[in-house]
Amino acid sequence: MFAHLGQLFGKMESPSMAFIAWMLFCFSGPSTGYPNGKVTESCNSMIPLHGHPPQKFPKHTIEVNMTQFKPGDHVKVSLFGPPFEGFFLQARNADNVGGPAIGSFALADKKRSQLLTCGRVKKSAVSHTSKSKKTHLDAYWISPRDAPKRIQFLATVVEKYHIFWVKIPGPVISQPDTPILTTTVTIPTSHPIRHLTQSFNASDCGNNKFCVRNPSNCDPQANSCFFLSFKRDDDSVLVEMSGPSEGYVAFALSHDQWMGDGDDAYLCISDDHHVDIKTASLVGRTYPEFDSEDPLEDKSWRVADGLIQCSFRRRINLPAFKRRLNLDAYYYIFLVDGEVSEGGIIHQHHRQPLITNGKYNVSGLPKDIGGSRSPFLIKIHGALMFVAWMTTASIGVIIARFFKPVWPSLLLFGEEIWFQVHRVLMMTTVFLTSASFVLPFLYRGGWSEQAGFHPYLGCTVMALAIVQPLMAGFRPPSQAPRREIFNWLHWSTGTTARILAVVTMFLGMDLPALNLPDPWDTYAMTGFVAWHVGTDILLEIHGYYLVRKVEVVEEDRIQILQSINSTEAQGHTFKKTVLFIYICGNIAFLSNFLTAIVQI
């Protein structure tokens, strides 16, 4: 198939130019940028619509000229750091940083900064006016009369189009007689912390402990793996958590399989050879809201050989701590790890959390369970797409391209058998693609801004997959003048869909939600593409060889009929052998991929 691109382009100059233009359009993807700073679409999330993930370690700093404020005060807010092109600055309630912007701003530099209206609050945000490089900017935040007790400043900074940081946490200022809390200060605890003298033990899992292990045979005493256990003792639960990380390990209890919306989180944060054990609430994708008071007891920790281990005791019911969930109930359990920058600032986990497959009561009957770092719907989405475009579509194209003369007299339901097989395989591809297409939307509940170009290309592939059978329904007769035009459109649309499908799958395999083993996934996909292209080239060379052989026989005029028939028979046998080997290779590749998807 791919080998014919040059030949077809040479014969059809105008269609080839249209095809190239279409390919450029497909690969261009969305390009949304705001060099003028009019970023009101990002008021709530503060995420630039650039189609790239944010960076992990902030380089820029926010400073203020006062730590306390009264209604009507003007607080000078300074943003500075390495040269940057764009920024977005807001003030929010420190107890709900996922909420709306608070107060208004006044500009200190009207040439490089401007005021924006977020929600119904005028002048509640500051942004850039151009892409000119900046290293420092000032603005004045004006406190409203109904300001909350504590205010935190947040900034998004864009160094380049694909390099940016979202919601960099700034200082927390408070009204008089309100405790001051900043995100960079370690929260003091009222309970002594001890050092663990030995590793945890998994021998009691399922008997006296409720355990979550990854992998399922994880033994924290012998392996560097993720381990979480709960052991009930009267009205409290002893928690043990262990995982390979240089930054932090954490778990959260949630009513659903989405992290956020008031989930109850417990973090063991390693910073400068010391571990802080903290509790926090998770609200959406914002920075965790750490508790100012410590509800945990008997805390201890250990850091050795790249492994963080910590334990603590928590009462099952904590009525004095409204944000702590009652442990005598059923929840999904999340287990994550991530990086920590200087000062104990945690960063978003770099891979998909481990999530249990169901809700569990950690203070109930002891169980020994595992989980998955890839949601079930995303697994099915990936599996169906691989089956559709790596198997059914590929075999269907091979049969249509090379097997028309192999079964010329065999009919199935009134049509040539090669055409019926091709049609069934391609309709199967459309059906599998359609079923797979809706699964990410069901899982996400809408569009994902974190998946880069993958969903945009996926939508393009879905559209092309639907256009193909609709176009085939209007196929002209074989001798009609428009048949050549149809053949060109049918081939170019199918080829575009297949190329984009492969590119889309390459992009999808690197997304955290699927969590395929890297770089195995890239090597496997590259190997399959090479397998298909190699098979295609082999059949093309063989077809060219047969044509040349027949031409030589015709020129000799000796036993023409018998020689041609013998040549064709040998060619058909060769093609059937290649097809059999190709199908077996596809099945082997597909089984390996599906096994990898099931195991994640």
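The values are calculated or read from the model by the stated rules, or taken from the named source; none is laboratory data. Being a predicted model, the structure only gives us computed values, none of them experimental. Cβ atoms come from the backbone with ideal geometry, glycine included; neighbour counts cover every protein chain shown. In case anyone asks, the SASA skips ligands and DNA or RNA and just uses the protein heavy atoms, side chains included. Shrake-Rupley method; radii C 1.70, N 1.55, O 1.52, S 1.80 Å.
Give me the percent of Cα-Cα pairs in region 379-466 that sit more than 22 Å apart, rounded to a whole number. Counting every Cα pair in region 379-466, those more than 22 Å apart make up 38 percent. Assuming R0 = 22 Å, can you tell me the calculated FRET efficiency for the pair residue 594 and residue 522, based on Cβ-Cβ distance, to the nearest 0.05? E(calc), rounded to 0.05, equals 0.80. Protein heavy-atom accessible surface, 1.4 Å probe, per residue over region 321-470: 45 Å².
A 1.4 Å probe over all protein chains sorts 52, 195 by accessible area into 195, 52, starting with the largest. Under a 5 Å amide H cut-off, with hydrogens placed 1.01 Å from N, residue 262 pairs with 282, 283, 284 among residues at least 5 apart or on other chains. The convex hull drawn around the Cα atoms of region 326-368, when projected onto a plane and averaged over every direction, covers 4.3 nm². Qualifying chymotrypsin sites (Phe, Trp or Tyr not before Pro) in region 386-430, where qualification requires a DSSP coil assignment and no more than 13 other C-beta atoms within 10 Å, comprise 413.
When Rg and the Kirkwood radius Rh are both evaluated on Cα atoms of region 49-112, their ratio Rg/Rh stands at 0.97.
Along region 66-77 the Karplus relation, 6.51 cos²θ - 1.76 cosθ + 1.60 evaluated at θ = phi - 60°, assigns HN-Hα couplings of 7, 9, 10, 9, 10, x, x, 5, 9, 9, 7, 10 Hz to successive residues, with x for each Gly and Pro. A probe of 1.4 angstrom, applied to the heavy atoms of all protein chains, finds residue 41 with accessible area near 110 square angstrom. Label-to-label distance for residue 74 and residue 117 is 2.3 nm, based on points extended 7 Å past Cα in the beta-carbon direction. The residues 279, 197, sorted by heavy-atom accessible surface at 1.4 Å with ligands and nucleic acids left out, run 197, 279 from largest to smallest.
Near residue 583, once Lys and Arg are set to +1 and Asp and Glu to -1 for all other residues with Cβ below 13 Å from its Cβ, the sum equals +2.
Each label point was placed 7 Å from the Cα along the Cα-to-Cβ direction; for residue 204 and residue 216 their separation is 2.4 nm. Using heavy atoms of the protein chains and a probe of 1.4 Å, the accessible area assigned to residue 437 is about 50 Å². Computed with a 1.4 Å probe over protein heavy atoms only, the accessible area of residue 130 comes to about 40 Å². For region 45-114, trypsin sites (Lys or Arg not before Pro) are listed when DSSP marks them as loop and at most 11 other Cβ atoms sit within 10 Å of their Cβ; the list is 110, 111.
Straightening the chain between residue 132 and residue 107 buys 7.2 nm, computed as 0.36 nm per residue apart minus the Cα-Cα spacing. Atom-type composition of the exposed protein surface of region 381-422 places 71 percent of the accessible area on carbon and sulfur (1.4 angstrom probe).
Taking 7 Å steps out from each Cα toward its Cβ at residue 423 and residue 577 produces label points 3.3 nm apart. For region 78-165, the Kirkwood radius over C-alpha pairs fed into Stokes-Einstein at 20 °C and 1.002 mPa s yields D = 160 µm² per second. Other residues whose C-beta falls under 11 angstrom from the C-beta of residue 276 contribute a net charge of -1, scoring Lys and Arg +1 and Asp and Glu -1. Under a model in which nothing but the beta-carbon of Lys, Arg (+1) and Asp, Glu (-1) is charged, region 242-384 shows a dipole of about 600 debye around its Cα centre. When 582, 544, 161 are compared by accessible surface with a 1.4 Å probe, the order from highest to lowest is 544, 161, 582. Along its first, second and third principal axes, ordered by size, region 269-336 spans 36, 29, 25 Å in Cα coordinates.
Determine the sum of side-chain charges near residue 108: Lys and Arg each +1, Asp and Glu each -1, restricted to other residues whose C-beta is under 12 angstrom from that of residue 108. Taking every Cβ under 12 Å from that of residue 108, the sum is +2.
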